[in-house]
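Comments concern the structure below.
The values are calculated or read from the model by the stated rules, or taken from the named source; none is laboratory data. Not measured: the values here are computed from a predicted model. Neighbour counts run over all protein chains shown; Cβ positions are idealised from the backbone, glycine included. Accessible surface is based on the protein model in full, side chains and every heavy atom, while ligands, DNA and RNA are left aside. Shrake-Rupley method; radii C 1.70, N 1.55, O 1.52, S 1.80 Å.
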Amino acid sequence: MITATFTNLQGEKITDGMIMIGDAHFNMSQNKNHVIKDFLPTTDEHSDNFLKYRVFYWKSQVDFDAKLNAYVLDSAFDKAESITHDPAMGDNPTDDRTVEEKLWHSVRGLDSTYLSLTAEKMAEKHLVEVVFI
């Protein structure tokens, strides 16, 4: 659990909110291929990783201590990752994610500073260093 100041997607600024990572999943894959190209043996190596997590928060320590229900911090819509475009809207992509998809934050290709951490700590680090900036 961490304490942070942030603005939720409804535009409300939360000062010293209590943050808890509810679920965090980290996957890493590494591919090593041996292929013959132009009659020469070559090795093709590629690795990738993916972190997916949900964030719960309370507006204050008082709310947390009173055991009030937590809020869920929705993930922001990333226009660059949208593949659905409405021609009537020009170049403006539309957010066609389901409610369930909006509840998850996800990131691919985390750098080496994350790899020694638990999934929960990876999520906290990403939230503080990337999402809340």
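Once both labels are modelled 7 Å past Cα along the beta-carbon direction, what's the residue 27-residue 116 spacing in nm?
In this crude label model, residue 27 to residue 116 measures out at 2.7 nm.
Tally Lys and Arg at +1 and Asp and Glu at -1 over the other residues with C-beta under 12 Å from the C-beta of residue 70: what net charge comes out? Write out the running numbers ahead of the final one.
On the way: positive: 54, 59, 67; negative: 63.
Local net charge: +2.
Which order do you get for 1, 20, 122, 28 if you rank them by accessible area with a 1.4 Å probe, largest at the top?
Working: 1 90, 20 70, 122 5, 28 115 Å².
Per-residue accessible area, sorted high to low, gives 28, 1, 20, 122.
How charged is the neighbourhood of residue 110? Take every other residue with its Cβ under 11 Å from the Cβ of residue 110, and add Lys/Arg as +1 and Asp/Glu as -1.
Details: positive: 108, 125; negative: 48, 111, 129.
Overall, the nearby charge balance is -1.
Can you give the accessible area of residue 114 in Å² (nearest 10), computed on protein heavy atoms with a 1.4 Å probe?
10
For region 1-82, run through the trypsin sites (Lys or Arg not before Pro) and keep only the ones in DSSP coil with at most 10 other Cβ atoms within 10 Å of their Cβ.
Values: sites: 13, 32, 37, 52, 54, 59, 67, 79; in loops: 59, 67.
The qualifying sites are 67.
Can you give the charge dipole size of the chain about its Cα centre, rounded to the nearest 20 debye, using +1 on the beta carbon of Lys and Arg and -1 on the beta carbon of Asp and Glu? Write down the numbers at each step before the final one.
Numbers: 13 positive and 22 negative charges, 63 e Å.
That gives a dipole near 300 debye.
Any idea what the alpha-carbon Rg over 2.2 N^0.38 Å comes to for the chain? Walk me through the intermediate numbers first.
Numbers: Rg = 19.3 Å, N = 133, 2.2 N^0.38 = 14.1 Å.
So the chain has a normalised radius of gyration of 1.37.
Would you check the accessible area of residue 120, probe 1.4 Å, heavy atoms only, in square angstrom rounded to 10?
Spelled out: residue 120, probe radius 1.4 Å, area about 80 Å².
What does the charge count around residue 100 come to, taking other residues whose C-beta lies under 14 Å from its C-beta (Lys +1, Arg +1, Asp -1, Glu -1)?
Residues near residue 100 contribute -1 overall.
Quick check for the chain: number of Lys pairs with alpha-carbon distance under 27 Å, counting only pairs 8 or more apart or on different chains?
25
Taking a probe of 1.4 Å, how large is the accessible area per residue of region 92-133, in Å²?
Values: 2590 Å² over 42 residues.
Roughly 62 Å² per residue, with all protein chains present.
Which of the listed residues, 6, 127, 117, is farthest toward the dipole's positive end in the chain, when Lys, Arg count +1 and Asp, Glu count -1 at the beta-carbon?
Checking the options against the dipole of the chain, the answer is 117.
Defining a contact as two alpha carbons under 8 Å apart and six or more residues distant in sequence, what relative contact order in percent does the chain show? Mind dumping the intermediate values first?
On the way: 210 pairs, mean separation 32.3, N = 133.
It rounds to 24 percent for the chain.
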